[in-house]
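One structure is given here, and the rest of the page talks about it.
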Amino acid sequence: MEWPACTDEYEKLVIRMSTPRVVIDNSVFSSATLVKVDSARRHGILLDAVQVLIDLDLSIKKAYISADGKWCMDVFHVTDQNGNKITDEKVLKYIEQSLGNIQYGRTNSSNGLTALELTGTDRVGLLSEVFAVLADLQCDVVEAKVWTHNGRIASLIYVKDSSSGSTIEDSQKIKKIELRLRNVLKGDNDIRSANISVSMAAMHTERRLHQMMFTDRDYERTPILEVTSDNPVVTVQNWAGRGYSVVNVQCKDRTKLLFDVVCNLTDMEYDVFHATINTNDDRAYLEFYIRHKDGTPISSEPERQRVIQCLKAAVERRASEGVRLELCKEDRQGLLAEVMRTFRENGLNVTRAEISTVGNMATNVFYVTDAIGNPADSKIIECVRQKIGLSYLEVKELPLVNHQEMQREDQAVGIGGAVLFSIGSLVKRNLYSLGLIKSCS
């Protein structure tokens with residue numbers, strides 16, 4: 001390691017001691033890459049480590065977290081999305097370097113775009129109105145993510161000025177954007193809870209969406225419809241002898257699940273001292289030993305219930321219902337507004353969206369249902385595809401509902417055999433994919 005000329009020996013020692021030690025090993029397990037991180041403990045450092053891995057679209061199959069005093073050791077078993085070990089040397093080097101810098105935390109920086117944060121009551125056609133306003137105000141959408149949960153919507157949209165291609169800095173234009181979007185979000189009956197803010201800083205989109213939903217208190221809302229997918233089971237108990245609160249989460253396994261749970265524990269000001277994460281087939285079992293930042297466990301029944309509600313919401317926000325549609329088309333001004341208008345005119349509601357541009361191509365993913373949250377009619381989907389272009393809009397996932405109930409399971413999990421907690425749940429099978437739908441000839 002090269003040191004600046006002004007660095008004295010004491011500063012070098014401090015840097016060496018505080019820099020995480022990262023070990024990546026492909027020889028231990030045949031089915032996963034082992035990633036081990038030893039670092040000084042601080043609030044949020046586990047989230048930063050998990051964020052590095054999920055931002056590379058890696059799956060965390062198992063994990064073991066242990067903190068002893070001021071130090072912590074995190075062990076992750078990771079694969080790519082196809083279940084294979086990570087063998088690309090460039091990716092392995094990037095993981096090692098990124099995890100080696102997590103001790104210093106992450107700062108928001110500018111990406112040359114204007115960030116719009118929107119929260120409010122979800123309704124059919126809302127996104128169509130939002131993107132129509134942006135198109136009318138000469139704002140090009142470069143990237144956006146939209147989540148909906150319990151009748152609420154949160155969206156983080158990155159835009160640039162259509163004429164200059166850069167950040168929108170005109171204060172009058174920013175005020176106009178805020179005013180018109182706030183009016184769209186309010187609709188006829190959401191005067192108090194509609195919210196919009198504008199920022200020039202780039203932030204981690206998914207972490208920010210969790211924070212927006214948490215601030216909006218989506219976890220307290222009553223679902224409009226009972227979801228057809230597997231409901232998470234969350235239990236919270238206190239281990240009085242050791243001063244921990246023990247949180248167990250059992251649900252269907254999916255990408256970024258650990259990130260979603262740890263993100264919400266961190267935002268609720270809890271520190272994770274020990275944790276075990278296991279996946280078996282399509283099930284995930286997560287156990288966390290937590291305390292407040294001040295070192296105390298959960299101290300009341302209302303607080304316990306709030307943690308349960310918040311973690312259930314954290315799992316459910318990304319568990320989108322509906323048909324997955326993927327759009328790949330040459331980008332142009334107003335394209336997104338036209339696509340959203342076509343969805344609205346055909347009674348399709350967007351429950352989640354991931355919008356991005358790569359070069360001059362728009363690559364967007366939408367999850368859609370009918371107007372009341374039921375699976376969209378395949379004939380309507382094909383009609384929409386005909387209008388947008390069969391070769392541009394493809395069906396990637398078409399869910400079917402399976403009403404067979406799974407048998408109750410008792411899963412005992414623990415750390416070091418110190419304590420066992422049994423979790424039982426009666427759950428329904430998740431929507432499953434039938435694969436690609438052939439295009440009409």
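The values are calculated or read from the model by the stated rules, or taken from the named source; none is laboratory data. Just so it is clear, the model here is predicted, and its values are computed rather than measured. So basically every Cβ, Gly included, is an ideal-geometry build from the backbone, and we count neighbours across all protein chains shown. With ligands, DNA and RNA removed, areas are computed over all heavy atoms of the protein, side chains included. Shrake-Rupley method; radii C 1.70, N 1.55, O 1.52, S 1.80 Å.
Before moving on, here are some points about what is shown:
- Lone unmet requirement of (1) among the charged types (D, E, K, R); (2) over 19 Å from the mean Cα position of the chain (by Cα); (3) surrounded by 22 or more Cβ atoms within 10 Å (Cβ to Cβ) for D281: (3)
- Restricting region 193-215 to residues that are hydrophobic (A, V, I, L, M, F, W, C) and within 20 Å of R123 (Cα to Cα), the residue that is surrounded by the most Cβ atoms within 10 Å (Cβ to Cβ): M213
- Pair list, Cβ under 7 Å, 6 or more apart: region 308-321 residue β-branched (V, I, T), other residue open to solvent by 10 Å² or more (accessible area, probe 1.4 Å) and not in a loop (DSSP other than H, G, I, E, B): I308/V234
- Filter pass, D271 being open to solvent by less than 40 Å² (accessible area, probe 1.4 Å), modelled with pLDDT of 95 or more and in a helix (DSSP H, G or I): no
- Single residue of T342, T357 found to be part of a strand (DSSP E or B) and closer than 30 Å to G165 by Cβ: T357
- Subset of region 353-373 [open to solvent by 20 Å² or more (accessible area, probe 1.4 Å) and either touching a residue at least 60 places away in the same chain (Cβ under 8 Å) or in contact with a Ser or Thr (Cβ under 6 Å, 6 or more places away or on another chain) (or both)]: E354, S356, T357, T363, Y367, A371, I372, G373
- Within region 275-286, residues that are among the acidic types (D, E) reach partners that are in a strand (DSSP E or B) and surrounded by 16 or more Cβ atoms within 10 Å (Cβ to Cβ) with beta carbons closer than 7 Å, at six or more positions or on different chains, in the pairs D282/K252.
- Among the residues of region 348-367, those that are farther than 22 Å from Q138 by Cβ and in contact with a helix residue (DSSP H, G or I) (Cβ under 7 Å, 6 or more places away or on another chain) comprise L348, V350.
- Of all residues in region 298-320, those being farther than 19 Å from L209 by Cα, open to solvent by less than 40 Å² (accessible area, probe 1.4 Å) and not β-branched (V, I, T) number 1.
- In region 156-168, the residues that are touching a Ser or Thr at 6+ places or on another chain (Cβ under 8 Å) and not hydrophobic (A, V, I, L, M, F, W, C): Y158, K160, D161, T167
- Scan of region 274-306 for residues that are among the hydroxyl-bearing types (S, T, Y) and part of a strand (DSSP E or B), ordered by number: T276, T279, Y285, Y289
- Residues in region 324-339 that are part of a strand (DSSP E or B) and surrounded by fewer than 23 Cβ atoms within 10 Å (Cβ to Cβ): R324, E326, L327, C328, K329, E330.
- Taking every residue in region 66-88 that is over 16 Å from R254 (Cβ atoms) and pairing it with any residue that is part of a loop (DSSP other than H, G, I, E, B) and modelled with pLDDT under 90, at least 6 positions away or on another chain, the pairs with Cβ-Cβ distances below 7 Å are A67/R41; K70/R41; W71/R41; C72/R41.
- Failed criterion for G105 (all others in (1) within 21 Å of A275 (Cβ to Cβ); (2) open to solvent by 50 Å² or more (accessible area, probe 1.4 Å); (3) at pLDDT below 90 hold): (2)
- Checked against the criterion of being closer than 29 Å to V124 by Cα and crowded, with 17+ Cβ neighbours inside 10 Å, the candidates L265, L286, L257 yield just one match: L257.
- If the condition is being closer than 14 Å to Y289 by Cβ and in a loop (DSSP other than H, G, I, E, B), then region 227-261 contributes A240, G241, R242, G243.
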